[in-house]
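These notes are about the structure you will find just below.
The values are calculated or read from the model by the stated rules, or taken from the named source; none is laboratory data. Owing to the predicted nature of the structure, the values given are computational and were not obtained by experimental measurement. Reconstructed Cβ throughout: ideal geometry from the backbone, glycine too, with neighbour counts over all protein chains shown. The accessibility values were calculated without ligands, DNA or RNA, using every heavy atom of the protein model including side chains. Shrake-Rupley method; radii C 1.70, N 1.55, O 1.52, S 1.80 Å.
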Amino acid sequence: MGGAVSAGEDNDELIDNLKEAQYIRTELVEQAFRAIDRADYYLEEFKDNAYKDLAWKHGNIHLSAPCIYSEVMEALDLQPGLSFLNLGSGTGYLSSMVGLILGPFGVNHGVELHSDVIEYAKQKLDFFIKTSDSFDKFEFCEPSFVTGNCLEISPDCTQYDRVYCGAGVQKEHEDYMKNLLKVGGILVMPLEEKLTKITRTGPSAWETKKILAVSFAPLIQPNHTDSGKSRLVHLPPVAVRSLQDLARIAIRGTIKKIIHQETMNKNGNGLKNPPRFKRRRVRRRRMETIVFLDKEVFASRISNPSDDNNNSEDLEDERQEEEETKPSELKPDPPVNFLREKVLSLPLPDPLKYYLLYYREK
């Protein structure tokens, strides 16, 4: 029925709109959203809707609205090296964005009820790793997905620094969710029609903050077997990196530092390159209710009262920008994968070069 922000023409414009509407507020979250094209997680016949701020559902496959994911990412306060558990991991879109921030020494696990969605998520993850140049801009914490009901996680599982649940949590399951957290950890979940952030400040101490009014489909209750026993979900073990893998991470990190230093020297002590083109300013309309689709996801947010006062000023700025950019409003050249170029130019055997590039196909 209408999103929190205007529809974008591509992934970058969608992120521009989310930033302008203050759903994306930090650089780390912005980088992760720009690195992964939302359309890649859609079925081909539905990609026209990928840059709208709306949820999408087809069979068991489901994506929340971009404004919901951005609020979740901001609330999780992600940092490199943390452990993350995604309950209802779905297509893997959110888990992959989280993995870009967690880095090579993080932990990234997902639990998904439907086995067909797990296969879909693995295909999308493989596509991202093999084809996206964004992969080489980060050291990625690859997500691992397991099939099962997230309400049946084995009680001997490890606790996590960050947990997100992508389905409505009933009040009786609140303590169950909290117990998945380490002390100092953050849990984000839809609880009693509110997207809620819960921080574990001590063994039995919690801080709770309501973020956004939402309506998610509820968690599916476990379906016990005939014997009455539940099917426990065993999460992946926390793997230790091999020496070979650590060497690859270190070498790639060193090459990236060299590229960064060369860029700084070329541009004059790190001055930023001027933008190749200007993005169109998007006019905002005051809105209080956002995102409603097939009773799956709905959210509300109070608008900024100053928005209406800025409309005339925005219109004038937009006219000026259109006049300035008309002659040169062209699509920018594709970005250069400097890491790939540098690795391929090294005096190394081809198998080692390919190993450093994760055997990625182009």
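Structure above, values below:
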item: For segment 124-192 versus segment 42-80, the gap between their alpha-carbon centres in whole angstrom; result: 15
item: 23 Å Cα-Cα threshold exceeded, pairs from K57/K122; K19/K182; K57/K194; K122/K209; K47/K353; result: K19/K182; K122/K209; K47/K353
item: Solvent-accessible area per residue, Å², over segment 67-239 with all protein chains present [probe radius 1.4 Å]; result: 41
item: Long-range amide H partners of G81 with built H, under 5 Å; result: G103, F105, G106
item: Percentage relative contact order, segment 67-239, counting C-alpha pairs under 8 Å, at least six apart; result: 22
item: S6 accessible area, assembled protein chains, probe 1.4 Å, Å²; result: 40
item: Surface share of carbon and sulfur [accessible, 1.4 angstrom probe, percent] for segment 67-239; result: 50
item: Integer Hz, Karplus 6.51/-1.76/1.60 couplings in order for segment 11-18, x for Gly and Pro; result: 5, 4, 5, 4, 5, 4, 5, 5
item: Solvent accessible area, Å² - D350, 1.4 Å probe, full protein context; result: 80
item: Net charge, L78 excluded, C-beta distance under 15 Å - Lys, Arg +1, Asp, Glu -1; result: -3
